[in-house]
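Worksheet: the structure to be examined is printed underneath.
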Amino acid sequence: LTSWNFKQEKTVIDLGDGVKIGGDELTVMAGPCSVESREQILKTARIVKAGGAQLLRGGAFKPRTSPYSFQGLGEEGLKYMAEAREETGLKIITELMDIEHIDVIMEYTDVIQIGARNMQNYSLLKAIGKLDKPVMLKRGMSATIKEWLLAAEYVMNEGNHDVILCERGVRTFGEETRNTMDLSSIPLVQQISHLPLIADPSHGTGRWELVTPVARAAAAVGADGIMVEVHPEPQNALSDGHQSLKPANYHLMMDELRAIHSSI
Ligand code: PEP
Ligand code: MN
């Protein structure tokens, strides 16, 4: 179902109000790793909107490595995201971690994000395959391209064909970056599959100073969009501050992306 043999036109996901993923535009999804407060998400939403992003990202249910780290605001966070959408017109994307949260996530989000840690959670994939809502499936931390595409097949096989893939780096031996951003997967997957593909240079590198150059590279090799972490004060972020762009650097990144991809 993911392959060009099954479908000969590129999949374009239309979120309404002119926001499309997989079309001619480079779609930018920007926002904090986690929704931390009403003020934080509204402030970030205004910044990312002003820079030209189409979607606001922000986790309300967070998959943290340590159980003692901030776990997200849950439904309260989703309400703040919805308020930010109301004010700015940005569409929203947020992570679904568990089948038990499907109803609450469905009530608020425009796109469901499935994180790297859940890429092979097959019962979750089957459950979202039955929903009428676009899904962005992140590549698993050590997933091969075949495993990633088969995970997308799990979703599509249940009827939901609005699947977006997201390359967010894979784990290798390097210690200098959080993950190794697999840029070659971008053209490779697009040669195999008609699904739109987004690049996440924030998780792909884990270092804010590498985010813009890698975002540029991803746009240059043909990504359909970029997901990027932006925080008004990265030094005070409750998660992933070291890989989040400050507002000024986010604006610079957007300017540089515009030079590569004239449609944004
Ligand atoms: C995220 O987008 O904040 C996230 C947790 O990403 P990943 O699943 O790629 O680690
Ligand atoms: Mn993050």
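Some observations on this one:
- Residue tally, condition touching a strand residue (DSSP E or B) at 6+ places or on another chain (Cβ under 6 Å) and part of a helix (DSSP H, G or I), over region 20-61: 3
- Counted residues, region 120-145 - those being within 16 Å of ligand 2 (Cβ to nearest atom) and either among the small types (G, A, S) or surrounded by fewer than 18 Cβ atoms within 10 Å (Cβ to Cβ) (or both): 2
- Filter pass, Q191 being within 14 Å of ligand 2 (Cβ to nearest atom) and farther than 18 Å from E25 by Cα: no
- Selection status of E86, without any contact (Cβ under 8 Å) to a residue 12 or more places away in the chain and in a helix (DSSP H, G or I): yes
- F61 being surrounded by 21 or more Cβ atoms within 10 Å (Cβ to Cβ) and among the aromatic types (F, W, Y): yes
- Test: residue in region 217-225 that is among the charged types (D, E, K, R), crowded, with 20+ Cβ neighbours inside 10 Å, away from ligand 2 (no atom under 16 Å from the Cβ) and under 18 Å from the mean Cα position of the chain (by Cα): yes
- Scan region 102-114 for residues that are within 19 Å of R85 (Cβ to Cβ) and in a helix (DSSP H, G or I) and the total you get is 6.
- Listed conditions (1) buried (at least 17 other Cβ atoms within 10 Å of the Cβ); (2) part of a loop (DSSP other than H, G, I, E, B) are all met by Q8, apart from (1).
- Residue list for region 182-205, filter: farther than 13 Å from R139 by Cα, touching a residue at least 40 places away in the same chain (Cβ under 8 Å) and surrounded by 20 or more Cβ atoms within 10 Å (Cβ to Cβ): S193, L195, P196, S202
- Scanning region 235-263 for residues that are among the polar types (S, T, N, Q), modelled with pLDDT of 95 or more and either under 12 Å from L26 (Cβ atoms) or out of contact with any strand residue (DSSP E or B) (no Cβ under 8 Å at 6 or more places or on another chain) (or both) turns up Q235, N236, N249.
- Residues (over 10 Å from Q120 (Cα atoms) and buried (at least 18 other Cβ atoms within 10 Å of the Cβ)) located in region 146-163: L149, V155, M156, N160, H161, D162, V163
- Number of positions in region 115-141 that are outside any helix (DSSP H, G or I) and touching a strand residue (DSSP E or B) at 6+ places or on another chain (Cβ under 6 Å): 8
- Residues located in region 22-49, provided they are closer than 22 Å to E167 by Cβ and within 16 Å of ligand 1 (Cβ to nearest atom): T27, V28, M29, A30, G31, P32, C33, S34, V48
- Subset tally (residues that are touching a Lys or Arg at 6+ places or on another chain (Cβ under 9 Å), charged (D, E, K, R) and within 16 Å of ligand 2 (Cβ to nearest atom)) for region 62-116: 1
- Taken over region 64-88, the criterion of being farther than 20 Å from H101 by Cβ and exposed (fewer than 15 other Cβ atoms within 10 Å of the Cβ) is satisfied by S66, Y68, E86, E87.
- Meets criteria (of a type outside the set (D, E, K, R) and under 20 Å from G225 (Cβ atoms)) for V104: no
The values are calculated or read from the model by the stated rules, or taken from the named source; none is laboratory data. Small disclaimer: the values here were computed from a predicted structure and weren't measured. Reconstructed Cβ throughout: ideal geometry from the backbone, glycine too, with neighbour counts over all protein chains shown.
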